[in-house]
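Down below is the structure, laid out as structure tokens.
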Amino acid sequence: MKDLDKQPRETHSESHTDHTEAENGGAIRDTVAKENEQASAGAEQNFEFITETIKEKPINKRRMFMKFVCNFCMAVMFGLVACFTFLLVRPYISEWLYPEETKVVTLPADEEPAEPEPVPEPEPEPETVPDTSEDKPETVVTQVVETVEKELEIEDYTLLYQKIDAVAEEAKKSMVTVTGVCSDTDWFMNTYEDNNQAAGLIVTDNGKELLIISRTSVLEGAESIEVTFCNGTMLEGTVKKSDANTGLTVIAVEMSLIDEDTMNQITMATLGSSNNSSLVGSPVIAIGNPLGIADSMAIGQITSNSYVKDMTDTNTQFMTTDIYGSTAASGVIIDMDGKVLGIIFQDDTTSDMKNLIKAYAISDLKAKIEKLSNGQDLAYLGIIGTDVTEAAEEMGVPKGAYIKEVIIDSPAMQQGIQNGDVIVKIGTTEITSFTDFKEAMLKCQPGDLMMVTVKRPGKEEYIELSYEVTLGTLE
């Protein structure tokens, strides 16, 4: 009985335990469910923005207008900068892609003086045997030449000068006035322009530029160059090249700037020949600025053309006249055919002849003007020389260019060439006179490495020496 009593109690106790566990499990499930609900609610709250409606920002018309104006202004500025850059760079690009070819300037050579035609010798008269059979009276023919004397009138004298003036007026079409303009200040710090003027000669053109020869001195310190033509047209010029020996400069004027009317009125100068001893005593006309006044004229005759002035690596022939002019004269001397015989240069004049016009002989300048007009510098060796005289030849001095002086710090001195040497060869060119030396130097360019062969006096005879010389630029 005791056992039977015990079993129900145990069963009841187990059922009570199961009931308790069931209640606890339900409570736990309820708790978990609540926590899940709370977590779900929190998640919905955390991601609640996903369900929000996004509204577009309202358009600010004023800001859009300002932005459009700003972009438009920037585009305009960019376009202006691009145009300006294009205009600035275009000439260089065009010159690089399509270079304008300029023709090589060549000046006409001197005309050789015409040789007089030989006078035919008179044929011998046949011998005549006198007819003694019959005496005949001799017939004497006399020719009467009537000479009419005419007294010259003032009108004839005036007519002669009118014809001379007509020659000068035609030649003046090739003359210009070159002005070097530079600015300066006075004591009161006021700026003013200081102008130096000289006559210029239109010598030729290269297809692109009109080339004018004038004095270098008027361009010293000049900020700009003005060229005035015979009809008053004024244009800007630029320096092409200069010759330090003669003090002459080639000035270029762009032909594209010259109007048709001016081109029709100007002419190129006709260069004559000054290598003629018969010129002494010939009548000549000085035009340009011979009297210190622009577009002036004077008449006279050539008194000498034998004076030669020694210069660095060259020499130049001068001609003198009896024309009384200004010490600051400039211009040219022409003959009665209008051909240029010389370029006036008054800087190297003795005190007793300072007002008498003299000029460089044009024949000695042609080769230099031609080279300067082609934009080439003159080569520089650095000697002053002369021809070897016949008397020196008899004493054993070899033919060539005799060196009287070597310029200090010149390429010649740096390589060891000395006074008293005789240049007999430059490169492969034989030198037998100073004229040969001048012509050889004109064919050289600055920077050329030349073999200069000289003969130097030794104890018994002249010895031959060779020097490699890099030629410089004559300045």
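Values in this text are rule-based calculations from the coordinates and carry no lab data. Just so we're clear, the structure is a prediction, and the values are computed from it rather than from any experiment. FYI the Cβ positions are ideal-geometry reconstructions off the backbone, even for glycines, and counts take in every protein chain you see.
Brief remarks follow.
- Ranked by the mean number of other Cβ atoms within 10 Å of their residues, highest first, the peptides 85-92, 434-441 come out as 434-441, 85-92.
- MET353 versus ILE93: modelled label distance in nm, points set 7 Å from Cα along the beta carbon direction: 6.0 nm
- Extension gain, THR389 back to MET64 (0.36 nm per residue minus Cα-Cα distance, nm): 107.4 nm
- Additional length obtainable on full extension of the chain from ASN245 to SER306, 0.36 nm per residue less Cα span: 20.1 nm
- Förster radius 30 Å - calculated FRET efficiency between ASN419 and GLN376 (Cβ-Cβ, nearest 0.05): 0.55
- The slack in the chain from ILE164 to VAL81, taken as 0.36 nm per residue of separation less the alpha-carbon distance, amounts to 23.9 nm.
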